[in-house]
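The values are calculated or read from the model by the stated rules, or taken from the named source; none is laboratory data. This structure is a prediction, so every number in the text was calculated from the model and none was measured. Cβ atoms come from the backbone with ideal geometry, glycine included; neighbour counts cover every protein chain shown.
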Amino acid sequence: MHKDRYGLACTGSAAAVQRLSRAQEHLLRFRPEVVEELDNAIAEDAGCVMARAARAWIGLMSSEWADTRAAAELVAGTRSIDAREQAHLDAIHAWASGDMHACGRLLDALLDAHPRDALALYAGHQIDFFCGDAVNLRDRVVRARRGWDTQHPDFTTVDGMLAFGLEECGDYARAEDIGRRAVERNADDVWAIHAVVHVLEMQARFDEGIAFLEARRANWAEGNFLNAHNGWHLAVFLLEREDHPGALAIYDRLLHHAASPGIALEMLDASGLLWRLSLDGVDTGGRWAALADAWAAKDPTPWYVFNDLHAIMAFVGAGRQAQAEQRVALLERYLREGDPGHANHRMVAGAGLAAARALAAWGRGDDDAAVSALAPVRHHLSVFGGSHAQRDAYQRTLLCAAMRGGHGTLARQLLDERLAVKPDSPWNRMRDRQLRGLNAPAA
Ligand SMILES: [Fe+2]
């Protein structure tokens, strides 16, 4: 066996494990070269278990059904006499079989024994994100971090993960401190950049957020597959300035365009941005239609409801109400007939279907239905994952439906809640002015 980038023993030839080590670095920097490097490692030595496992993890972390099937096929029949490698294979099998929560637990056990297994930590971190488990998003990293050499060049990404977990748990000061120090040590650490950006978003420090991202454009805007998501954050900051052309320019350059690869995790941010613009009554031209086409081209087999929700947004936005209702019906059938042991089933049952119904109802102008679907689950949306910032699209939808549908008391309450945590948000203030124009003065 040969040692990888973290000193962990790996099955396979020296050349294959060397490629695996390069791929590990690419992965933590979100560089697309990771795929080619792993494919080459597998071609170099088909018996390099961790190259095969890493390639399968990338497929799973795409959150897409087609990639998941390909990932399962890639490791089908692969076994290892090494306990760590076999634990990876078992965890991959658990997720590919639909049990993302079991997968996360298996990775936790793996990390107890091998805290420097960056791939296990990275995959576990993404699972905690997909499952909306903010506490473990933080604590999984805390548990593994002690096993790291703080001088390791990838340690900044561990801190980036910790900073993001702290942020999602609401510990903004510590998240910003750890995130900024990671960025200072490694300017290209896009995950650490992203963690700082989340703090600025949650604290309504929009101008600082714009300045922070603009000053580091060279570090995040190209050469990594987090650029669309960090671009989305920049566009969301710009929306607070009502800089709609600026937000749309970012959409065209980074989120979705003719040459976009059609990755669901990018397309969902594209949907989220256009949805926010549409809620504000901004004309987005033909962008919804192009995005709806891209969503329609994907296999609709229920696998990760957060993707379905953003497909529904695109169908509604493009005026394809029938397609939106069809996707809702597909989720309703999945809830009746799907496997309750699947993580996605819990997500659909917990809040996913309600959110889907609300989006479709908003699309057909049925504000009462949108409110009655979304209001009861508005505190439980984390069940289907994503960040607080991403899920704000649903909170905004509920507020807009309450306002448009004349649910004045609920609208006032929702807006008071928003103003309590983000009093300086221009969007919140704008809605407040609108509401006061419709109803009694705010308290
Ligand atoms: Fe984010």
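With the requirement that a residue be crowded, with 22+ Cβ neighbours inside 10 Å and in a helix (DSSP H, G or I), what does region 251-265 give you?
Residues satisfying the conditions are TYR251, LEU254, LEU255, ALA264.
For region 266-296, enumerate the residues that are over 30 Å from GLN434 (Cα atoms) and assigned to a loop (DSSP other than H, G, I, E, B).
Of everything in region 266-296, nothing turns out to be over 30 Å from GLN434 (Cα atoms) and assigned to a loop (DSSP other than H, G, I, E, B).
Could we say that VAL135 is surrounded by fewer than 21 Cβ atoms within 10 Å (Cβ to Cβ), in contact with a Cys (Cβ under 8 Å, 6 or more places away or on another chain) and without any contact (Cβ under 8 Å) to a residue 60 or more places away in the chain here? Outline the logic, then answer.
On the way: surrounded by fewer than 21 Cβ atoms within 10 Å (Cβ to Cβ): yes; in contact with a Cys (Cβ under 8 Å, 6 or more places away or on another chain): yes; without any contact (Cβ under 8 Å) to a residue 60 or more places away in the chain: yes.
Criteria met by VAL135.
Write out, first by first residue and then by second, each pair whose Cβ atoms fall under 8 Å of each other, whose residues are 6+ apart or on separate chains, and whose first residue, in region 258-278, is within 10 Å of HIS310 (Cβ to Cβ) while the second is at pLDDT below 95 and crowded, with 22+ Cβ neighbours inside 10 Å.
Every condition considered, no pair remains.
When region 136-160 is examined, which residues are found to be within 17 Å of ILE178 (Cα to Cα) and under 21 Å from the mean Cα position of the chain (by Cα)?
Our first condition is that a residue be within 17 Å of ILE178 (Cα to Cα); within region 136-160, this holds for 137-146, 148-160.
Hits for region 136-160 are LEU137, ARG138, ASP139, ARG140, VAL141, VAL142, THR156, THR157, VAL158, ASP159, GLY160.
If you go through region 147-178, how many residues are within 16 Å of the ligand (Cβ to nearest atom) and under 21 Å from GLN24 (Cα atoms)?
Adding up the residues that qualify gives 6.
Residue-by-condition table, conditions (1) more than 14 Å from the chain's Cα centre (by Cα); (2) within 12 Å of the ligand (Cβ to nearest atom):
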site: GLU184; (1), (2): yes, no
site: VAL196; (1), (2): yes, yes
site: GLN203; (1), (2): yes, no
site: LEU268; (1), (2): no, yes
site: GLY272; (1), (2): no, yes
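Hey, could you check region 130-146 for residues that are part of a loop (DSSP other than H, G, I, E, B) and within 25 Å of ARG31 (Cα to Cα) and say which is nearest to the ligand (Cβ to nearest atom)? Write out each step before concluding.
Taking region 130-146 as the starting set, the residues that turn out to be part of a loop (DSSP other than H, G, I, E, B) are 131-133, 146.
Still in the running and within 25 Å of ARG31 (Cα to Cα): 131-132.
Values: CYS131: 16, GLY132: 13 Å.
Looking at the filtered set, the residue picked out is GLY132.
Pick from region 177-206 the residues that are farther than 13 Å from GLU167 by Cα and free of Cβ contacts under 8 Å to residues at least 24 places away in the same chain: which of them is surrounded by the fewest Cβ atoms within 10 Å (Cβ to Cβ)?
Per the stated criteria, the residue is GLU184.
Mind checking which pairs have a first residue in region 385-409 that is closer than 17 Å to MET347 by Cα and a second that is assigned to a loop (DSSP other than H, G, I, E, B), Cβ under 6 Å, 6 or more apart or different chains?
GLY385/CYS131; GLY385/GLY132
Out of the residues in region 70-83 that are touching a residue at least 24 places away in the same chain (Cβ under 8 Å), assigned to a helix (DSSP H, G or I) and surrounded by fewer than 20 Cβ atoms within 10 Å (Cβ to Cβ), state the one that is farthest from the chain's Cα centre (by Cα).
It comes out as ALA83.
One line per residue, one yes/no per condition, for (1) modelled with pLDDT of 95 or more; (2) more than 27 Å from ALA187 (Cβ to Cβ); (3) of a type outside the set (D, E, K, R):
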{"residue": "MET1", "(1), (2), (3)": "no, yes, yes"}
{"residue": "VAL17", "(1), (2), (3)": "yes, yes, yes"}
{"residue": "ALA23", "(1), (2), (3)": "yes, no, yes"}
{"residue": "VAL35", "(1), (2), (3)": "yes, no, yes"}
{"residue": "ASP39", "(1), (2), (3)": "yes, yes, no"}
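Name the single residue, out of those in region 226-251 being aromatic (Phe, Trp, Tyr) and touching an Asp or Glu at 6+ places or on another chain (Cβ under 8 Å), that is farthest from the ligand (Cβ to nearest atom). Break it down stepwise before answering.
Step one: filter region 226-251 for residues aromatic (Phe, Trp, Tyr), giving 232, 237, 251.
Of the ones still in play, those that are also touching an Asp or Glu at 6+ places or on another chain (Cβ under 8 Å) are 232, 237.
Details: TRP232: 7, PHE237: 12 Å.
Restricting to residues being aromatic (Phe, Trp, Tyr) and touching an Asp or Glu at 6+ places or on another chain (Cβ under 8 Å), the top hit is PHE237.
Do we have any residue at all in region 310-322 that's surrounded by fewer than 21 Cβ atoms within 10 Å (Cβ to Cβ), part of a helix (DSSP H, G or I) and polar (S, T, N, Q)?
yes
Any chance you could count how many residues in region 384-406 are more than 16 Å from the ligand (Cβ to nearest atom) and over 15 Å from ALA358 (Cα atoms)?
So the count comes out to 1.
In region 241-250, how many are more than 17 Å from TRP220 (Cα to Cα) and surrounded by fewer than 21 Cβ atoms within 10 Å (Cβ to Cβ)?
Number of matching residues: 6.
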